[in-house]
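Chemist: The structure that follows is given in the form of structure tokens.
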Ligand SMILES: Nc1ncnc2c1ncn2[C@@H]1O[C@H](COP(=O)(O)OP(=O)(O)OP(=O)(O)O)[C@@H](O)[C@H]1O
Ligand SMILES: [Mg+2]
């Protein structure tokens, strides 16, 4: 923890999806996408949420901004508790947060020009008159690296990277304090990824944003994040300051991730491994560590009771009996 003012907090967030009926109408077991996630974010922080495909990152993103309710657990944003079903609290909280996605096309209306889309959001959110909204929209286009001429262009007239800039501008038009970015670089050419990453870093400072940045690319984490939370099968396995966590990972899963990723170094030019194609093994038979089936240092105890994250000092938390020394030899 940086000791700052908490702006976002998730407590014991669980999300279960009920899959469609199977053959002969047999109901399938619910999929537990999130299994008791605790995460606090201080004002001005950039927290990276990392984990392989299917670990629950997007589910957490949607719940964090109120697009979906959790099955249980709580979300608090800017001092507002968003209890499931509390529509007034959700509306108040949602004014302060925005989300951007991997594919910006989905959130841009093809029939509205980039400038008009921004001006519309500005009129509604800032209650600005038409002319002021237009001026603010032009200003926003320039702040995300586009020109005033782009005001009149339609989404299909832009490249993928430019469309992501528009999506970013549109999220900023609502003057959010908290921005969730769900893999905002993944759909872009590698050469464009660095540009958008640096844009986000700059805008974060200019707009005094707090950022939850979701990625499966550890090289990106090293560039943007103050803190990292590692998600595996819906549970946070390790959390801590970015530099420390990447240099000296404690959880065996984090160790595996860090070893697999060839961390980007300036001038290095080596390919960067990512986690998008990792395959999840079957879940463990009983309560216990979700990583146990894959863990090189697992012990019989790891399959028993639920393993809670333990504070190891220096702002780090680890959910591993072996790493935290809880596993005293019998
Ligand atoms: N709407 C849904 N209905 C049913 N199951 C879902 C739904 N959304 C997510 N899931 C399941 O929840 C789990 C977590 O999915 P999620 O999309 O959150 O993972 P992710 O970490 O974002 O993965 P990726 O890196 O591929 O984007 C997966 O098993 C997924 O199949
Ligand atoms: Mg996802």
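Chemist: Taking R0 as 30 Å, what's the FRET efficiency between residue 130 and residue 208 from their Cβ-Cβ distance, rounded to 0.05?
Modeler: My answer for the efficiency is 0.65.
Chemist: Of the beta bridges DSSP finds with both residues in the stretch 123-266, what % are antiparallel, to the nearest 5?
Modeler: Roughly 55 percent of the beta bridges in the stretch 123-266 run antiparallel, per DSSP.
Chemist: Share of antiparallel DSSP beta bridges in the chain, in percent to the nearest 5?
Modeler: If we restrict to bridges inside the chain, about 60 percent are antiparallel.
Chemist: At 0.36 nm per residue, minus the direct Cα-Cα distance, what do residue 201 and residue 306 gain on full extension? Give it in nm, one decimal, please.
Modeler: 34.1 nm
Chemist: Sticking with this one: Tilt of helix 190-206 relative to the longest C-alpha principal axis of the chain, in degrees (0 to 90, nearest 10)?
Modeler: Roughly 80 degrees, rounded to the nearest 10.
Chemist: Taking only DSSP H segments of four or more residues, each worth -39500 (n - 2.57), what value at 222 nm results for the chain once the sum is divided by all its residues, to the nearest 500 deg cm²/dmol?
Modeler: Taken over the chain, the calculation gives -8500 deg cm²/dmol.
Chemist: Another question, then. If we count other beta carbons within 10 Å of each Cβ, what is the order of 149, 182, 81, fewest first?
Modeler: Final ranking by Cβ density, sparse to dense: 149, 81, 182.
Chemist: Right, here's the next one. State, as an integer percentage, the relative contact order of the chain based on alpha-carbon contacts under 8 Å between residues 6 or more apart.
Modeler: Relative contact order for the chain comes out at 19 percent.
Chemist: Sequence gap at least 6, Cα distance under 8 Å: using those rules, report the relative contact order of the stretch 110-174 to the nearest whole percent.
Modeler: 45 percent
Chemist: Moving to a separate point now. To test your reading of the geometry: what angle, between 0 and 90 degrees and rounded to tens, separates the Cα axis of helix 114-126 from the longest principal axis of the chain?
Modeler: For helix 114-126, the angle is close to 80 degrees.
Chemist: Still on this structure, I have one more. Counting every Cα pair in the chain, what percent are over 29 Å apart?
Modeler: 42 percent
Chemist: Note the angle between two axes, namely the Cα long axis of helix 160-173 and the longest principal axis of the Cα atoms of the chain, as a number of degrees from 0 to 90, rounded to the nearest 10.
Modeler: 80 degrees
Chemist: While we're looking at this one, here's another question. So which residue, out of 69, 155, 129, gets the largest mean-square fluctuation from a GNM of the chain using Cα contacts under 10 Å as springs?
Modeler: Largest GNM mean-square fluctuation: 129.
Chemist: May I pose another question? Can you give me the distance in nm between label points at residue 95 and residue 189, each placed 7 Å from the Cα along the Cα-to-Cβ direction?
Modeler: Reported label-point gap for residue 95 and residue 189 is 4.2 nm.
Chemist: Given points 7 Å out from each Cα along the Cα-Cβ axis, report the residue 107 to residue 297 separation in nanometres with one decimal.
Modeler: 3.9 nm
Chemist: Turning to a different aspect of this structure: If you build a Gaussian network model of the chain, linking Cα atoms that sit under 10 Å apart, which residue out of 88, 12, 309 swings the most?
Modeler: Of the options given, 88 has the highest mean-square fluctuation.
Chemist: Next up: Compute a Gaussian network model of the chain, connecting alpha carbons closer than 10 Å, and tell me which residue from 158, 291, 178 fluctuates the most.
Modeler: Among 158, 291, 178, the largest GNM mean-square fluctuation belongs to 158.
Just so you know, all these numbers are worked out from the coordinates, no wet-lab data involved. Quantities reported herein were computed from a predicted structural model and do not represent experimental measurements. As a convention, Cβ positions derive from the backbone with ideal geometry for all residues, glycine included, and neighbour counts pool all protein chains shown.
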